[in-house]
Each structure stands twice: as C-alpha cells, then as structure tokens.
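What follows is one structure encoded as structure tokens, with my remarks underneath.
The values are calculated or read from the model by the stated rules, or taken from the named source; none is laboratory data. What you see is a predicted model, and the numbers here were worked out from it, not measured in a lab. With ideal geometry, Cβ positions are generated from the backbone for all residues, glycine too; neighbour counts draw on all protein chains shown. Areas reflect the complete protein model, heavy atoms only, side chains present, ligands, DNA and RNA absent. Shrake-Rupley method; radii C 1.70, N 1.55, O 1.52, S 1.80 Å.
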Amino acid sequence: FGRTEVIDNTLNPDFVRKFIMDYFFEERENLRFDFYDVDSKSPNLSKHDFLGQMFCTLGEIVGSQGSRLEKSIVGIPGKKCGTVIVTAEELGCCRDSVLMQFCANKLDKKDFFGKSDPFLVFHRSNEDGSFTICHKTEVVKNTLNPVWQAFKISVRALCNGDYDRTIKVEVYDWDRDGSHDFIGEFTTSYRELSRGQSQFNVYEVINPKKKGKKKKYVNSGTVTLLSFLIETEVSFLDYIKGGTQINFTVAIDFTASNGNPSQPTSLHYMNPYQLNAYGMALRAVGEIIQDYDSDKMFPALGFGARLPPDGRVSHEFALNGNPQNPYCHGIDGVMEAYYRSLKSVQLYGPTNFAPVINHVARYAASVKDGSQYFVLLIVTDGVISDMAQTKESIVNASKLPMSIIIVGVGPAEFDAMEELDGDVVRISSRGRFAERDIVQFVPFRDYIDRSGNHVLSMARLAKDVLAEIPEQFLSYMRVRGIKPSPAPPPYTPPIHVLQTQI
C-alpha cells in the first residue's frame, strides 16, 4: 500500500508519512506492517535487512483506546523485535473550495526584447518541510502588471484543511524553450488569504539571490490578492438527504440476434435453475439502485420485438403489457415482467436505442428543478442499428437530469458502445457536442466465469456500472446552479408521559 520515509541511525523512529485508507465498518480489513533496516539506495526490499512484522486489522486500530494500537513486532524466531505504535484518525472532511484572483505590479523585466510574460506557481508545504506543487496560473504575455484569471482550487489540495500551513507562491517569466526565469517568491497561508482583498494581502515578491547581492534591493514587484471566495462543495448524498429522487428505468433488448429463448445457447434462455445473462445484469444493478428510489416502482421497457396480437414491431413496449402504466414493483417485479414477456413476444429487430432514450428523456424534460434524476439501464447484446439517431438522442439528453447505463451481454464486438460511452472522445451529433458525459458502458463478459454461468462478483459489476452516476448527477446540478434542499430534521418519537399513582 505504501512506505514511510527512512529515518537514519535510530532504534526509536517516529515516522511522519501518513497513509490515507478507506475504512469500512462492515468489512474486515487486514493490514501487515513490515520493518526493514535500509542499507543502500535500492528500492528492492530483498537488498535490506528484515527487522520483523506486525499483523492487525484497521478495525483493531480504530477500536483501540484513543485509536492508538501498541503491538509487538514478530517474525524472527527467538528474537525480541521491539514494538510498534500505530494511530489512526478520521480525515478532516474539508469539502471547501476557494475561488481566488491575483494581480501583480512592477515585476522585474526579464526579457531582452519587450517585458516579462509572468505566471504564478502555488506550492503547499508538507509535514517534512518539503513543498508540493498544487496550482499554476496561465501566462499573461508582455506585461509587468499582469492580472491573472480567477481560479478554483480545493482547500484539501491547497493546505489539506490546515489553515495555518505555509503556502509558497513563486513568480516566473515564461520562456518558449521551457527555461522559465525566476522573478521571486513569497509565502502566505489559507488563514491570511481568507482575509480577502486588504492591505494584508499585498505581498512583496523577493528574489533571495538579488537580495544577497544588492544592498539597495527592495523587491521584484508586488502581488495582490483581488478576491477570495469560499465555496462548499456539495456531495451526491447532500442531494439524496435533501429529498432528490432517483428514478430507475430498465430497457431490455428483444432482438433476434440474442438467439431463440427456448435454446440453451440463447442469451434469453429461461433456465429454471439459474438466471440468464440478462437476469444477472438486471439484478446486480437494480438491487443497488432500488435503494435510492422511494416508491420502488420501475418502468420496464423492451425493444426490437414483434408484439401480439398483430405482430407489429415495437422499439418501446411495456414489459408488463400495459403501455399506460409500465411500472413494475421492485427488481422482482421487473424480473417477473421480463420472463412473462419472453413467453409472449417474438424476438425480431433491428436494434434501435433512440426510442427508449427519448422515452425517458420526455419524463426527465418535465422535471428540471433538481427534485428528480433519471437513470436508464439498457441491457443489450450489442450491434446497434440506429447509431445516428442514438447519438442525437444522447446529445439532447445530456442537457436533462438523466444518465444512461449500457450493459453489453454476449460475445459481440462492442466498439460502437465505447463510442457512445464518450470517456475518450465526447460524443457529438451533427456538429453539436454533448453538454456532459451521461453514458457508462460495461461489457458483462468481464464479470462472469469461463462457463458464462456465474457472475464472479455481483458487487464489482454493480460498482463499475454505477461508478460514474454521482459525478454525472453533480455535473447536471452544478451547471444548473441547483443546490440541495436542506435535510429534514431527524425524527424524534413523541414522548409518552407515564403517570404513576402512589
């Protein structure tokens, strides 16, 4: 997971480096600490002397008094290896970001022809006294009095939530060949900056070399903070707590390429003893998402089939046979409707996605106030027929409160799906680009064993399928400037006064 720094010539080292780990109350997280005496620069541990090891769980550390665990080091027979003390603390959950803007005056002229091309570099200090770069401004060309654009940075990145930690700012003159000239530097802290525009936030830019050489040296110019605005980043859970509902719709591919449902080779095969690929995918994703949907009523649609009684082809039919009310109760209700419709419809084609995307988009377009968000799960065997229309419907839907998850089942090539996913290249239609990325594609075969019968990990599948939803959700809310509603106060049961008679 990680290594501490090396502390020379001591038998009682106090290590500075910290490790950030996710703690899950409900999981057993086993840890092992190995100790070495370092004799050379080699990163290879076998080149160093092993001093012993300690085993524990993260829960053991967190659950110790004061979250401080002291334990013997073991591992070298017949030898006392000393003890180790491990402490844990919950990270300060600093969710603030800062929007800052700076300008400078009378910076040193560094270019032979013309003035300087200045930019700023921000570093946060670490606990060992070193500095880590955390932001660079843009370059302002040919001026000694630049005004840089405002920039946003998280407080964690700037000072890890420690308001008094040193922040070092360097000023450089940009050069095309990359050998940027150092103009000077100054230090500050989050606490100082948070005073905003004032006489306290005008900084002298000092070049130590010049200061050492020239007696009359005053400074290499000044940098002034123009504005400082704190923004608290809201999380996905803030919206859920405030009552935003996630509406979950399922769309299932009933095209003939899936194979005849009565044959064991079919992706829709109705095996009495186990779920088929569609059933496994539906259950894995649905069981997670249904927890965020208060009424647990899911519209379930099918596409690419001929429907009874007249055999018309539909790309948007209700699995429960009721177009006026396509809702099924819970994931179990969806599964039941899916199996029922397999018995009555005829698999056909082509594979058109646009109708079901537009179906959900119509609902999403009617509630844009942030009170509801729509997730469409499409389970398909792959080769898409209406690519142009699908792209158009996704570009249109990217302005709406909705996300699309596509789970590809079966052995087909899913190149087109990767394109819809838009992680590499933002999807576009007729020269218009999607406002945000709203599609997540996952090939189901990555999660099943060689026989194709068992999901190796339902949890991993669900996690990968749903990983992008919170960020997609937040990007919609941010662009629209929608803030979460305040969470209702916690429920306190009424107090019954017990009357006693003596």
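Taking a ≥ b ≥ c as the square roots of the eigenvalues of the alpha carbon gyration tensor, the stretch 245-480 is rounded, as a/c is under 1.5.
Exposed loop positions in the chain were taken to be trypsin sites (Lys or Arg not before Pro) whose DSSP state is not H, G, I, E or B and which have at most 10 other beta-carbon atoms within 10 angstrom. Between these positions, the longest stretch is 217-429.
From the largest down, the chain spans 98, 76, 73 angstrom on the principal axes of its Cα atoms. Taking all protein chains together and rolling a 1.4 Å probe, S194 ends up with roughly 50 Å² accessible. Taking a ≥ b ≥ c as the square roots of the eigenvalues of the Cα gyration tensor of the stretch 294-403, is the shape rounded (a/c under 1.5), prolate (a/b larger than b/c) or oblate? Since a/c reaches 1.5 but b/c is at least a/b, the shape of the stretch 294-403 is classed as oblate.
Within straight-line reach of K483, meaning a Cα separation under 13 Å, sit the following aspartates and glutamates at least 8 residues removed in sequence or on another chain: E231, E233, D238, D369. Net charge near G410, counting Lys/Arg +1 and Asp/Glu -1 over other residues with Cβ under 13 Å of its Cβ? Net local charge, G410 excluded: -3.
Within the stretch 96-232, the proportion of C-alpha pairs whose separation exceeds 24 Å stands at 29%. For F303, the shell of other residues with beta-carbons less than 14 Å away shows a net charge of -2, using +1 for Lys and Arg and -1 for Asp and Glu. Give me D for the stretch 1-114 in µm² s⁻¹, whole number, from Stokes-Einstein with Rh from the Kirkwood sum over alpha-carbon pairs, 20 °C and 1.002 mPa s. The Stokes-Einstein estimate is 117 µm²/s.
Think of it as helices only: each DSSP H run of n ≥ 4 in the chain is worth -39500 (n - 2.57), and spread over all residues that comes to -6000 deg cm²/dmol at 222 nm. Here the contact order of the stretch 245-480, divided by its residue count and restricted to Cα pairs under 8 Å and six or more residues apart, works out to 20 percent.
With an 8 Å Cα cut-off and a minimum separation of 6 or more residues, compute the relative contact order for the chain in percent.
9
For the stretch 180-200, backbone nitrogen atoms closer than 17 Å to the point 7 Å from R165 Cα along Cα-to-C-beta are found at 187-194.
For the chain, which span is the longest to avoid every loop-located (per DSSP) member of chymotrypsin sites (Phe, Trp or Tyr not before Pro) having at most 14 other Cβ atoms inside 10 Å?
274-490
The antiparallel fraction among DSSP beta bridges confined to the chain stands at about 75%.
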